[in-house]
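For reference, the structure discussed in these notes is given below.
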Amino acid sequence: MIRKFEEIVAWVRAKELCRHIYAITKNDAFSKDFGLKDQIQRSSVSIMSNIAEGFERGSNKEFIQFLYIAKGSSGELRSQLYVASEQEYIRDKEFEKLINLVSETSRLIYYLIESLKNSKIKGIKFK
C-alpha cells in the first residue's frame, strides 16, 4: 500500500524528468528562449505536481482525474521537446533520452490509472 506520493514510481520518474528539463534549459540558447523555456519547465513540473495533488485528495476518482491531467502534461512536454530539438537547443542523444523518459512516465501514469479504475478501494477518505 502506498502511503505517500513520493513512493509512486510514476512520480519518481516525473521528478527525474523535471530535473533533466531544468538542467537542459540552463544552456545559453535555450535559456534565452523565455517562452519555450517557461512552458517546458511548467509542463514537467505539472506532471509531478498533478500526481502528488491527486494522491493527496484521498479519493481514487479525484486521483484518476489528476493523473489524466499529468498524462496530458506529458504529451505537452513531448511536443515541446520536439520544438527544442528542432531549434537545436538539445542534442539528438539528449532528445532521445528525454523522449524515452517522458514516454515511460506517461505509460506508468496510464498503468496507475487502469489499476485505480479496477480497484474496489475508493480511497482513504472513504474508510
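Is it the case that the stretch 19-36 has a residue that's basic (Lys, Arg) and within 21 Å of LEU101 (Cβ to Cβ)? Scanning the stretch 19-36 turns up at least one residue that is basic (Lys, Arg) and within 21 Å of LEU101 (Cβ to Cβ). In the set (1) surrounded by 13 or more Cβ atoms within 10 Å (Cβ to Cβ); (2) closer than 23 Å to ILE121 by Cα; (3) free of Cβ contacts under 8 Å to residues at least 60 places away in the same chain, PHE95 fails one condition alone, (2). The residues on offer are ALA14, ALA10, ALA23, ALA70, and the sole one that is farther than 16 Å from TYR111 by Cα and assigned to a helix (DSSP H, G or I) is ALA23.
Considering each residue of the stretch 26-57, count those that are in a loop (DSSP other than H, G, I, E, B), surrounded by fewer than 16 Cβ atoms within 10 Å (Cβ to Cβ) and among the charged types (D, E, K, R), and give that number. Number satisfying all stated conditions: 1. Exactly one residue out of LYS97, LYS93, LYS117 is at pLDDT below 95 and more than 17 Å from ASN50 (Cα to Cα), and it is LYS117.
So, of the residues in the stretch 66-87 that are without any contact (Cβ under 8 Å) to a residue 12 or more places away in the chain and not hydroxyl-bearing (Ser, Thr, Tyr), which turns out to be surrounded by the fewest Cβ atoms within 10 Å (Cβ to Cβ)? So, considering only residues that are without any contact (Cβ under 8 Å) to a residue 12 or more places away in the chain and not hydroxyl-bearing (Ser, Thr, Tyr), the one surrounded by the fewest Cβ atoms within 10 Å (Cβ to Cβ) is GLU86.
Is it fair to say ILE90 is among the hydrophobic types (A, V, I, L, M, F, W, C), outside any helix (DSSP H, G or I) and crowded, with 18+ Cβ neighbours inside 10 Å?
Working: among the hydrophobic types (A, V, I, L, M, F, W, C): yes; outside any helix (DSSP H, G or I): yes; crowded, with 18+ Cβ neighbours inside 10 Å: yes.
When the stated conditions are applied, ILE90 passes them.
When ILE21 is tested against (1) closer than 26 Å to GLU114 by Cβ; (2) modelled with pLDDT of 95 or more; (3) β-branched (Val, Ile, Thr), exactly one condition is not met: (1).
Restricting attention to the stretch 7-14, does a residue exist that is surrounded by fewer than 18 Cβ atoms within 10 Å (Cβ to Cβ), over 11 Å from the mean Cα position of the chain (by Cα), modelled with pLDDT of 95 or more and of a type outside the set (Val, Ile, Thr)? Yes, there is a match, as at least one residue in the stretch 7-14 is surrounded by fewer than 18 Cβ atoms within 10 Å (Cβ to Cβ), over 11 Å from the mean Cα position of the chain (by Cα), modelled with pLDDT of 95 or more and of a type outside the set (Val, Ile, Thr).
The values are calculated or read from the model by the stated rules, or taken from the named source; none is laboratory data. In this text, all values refer to a predicted model and were calculated from it rather than measured experimentally. Note that each Cβ is placed from the backbone with ideal geometry, even for glycine, and that neighbours are counted across all protein chains shown.
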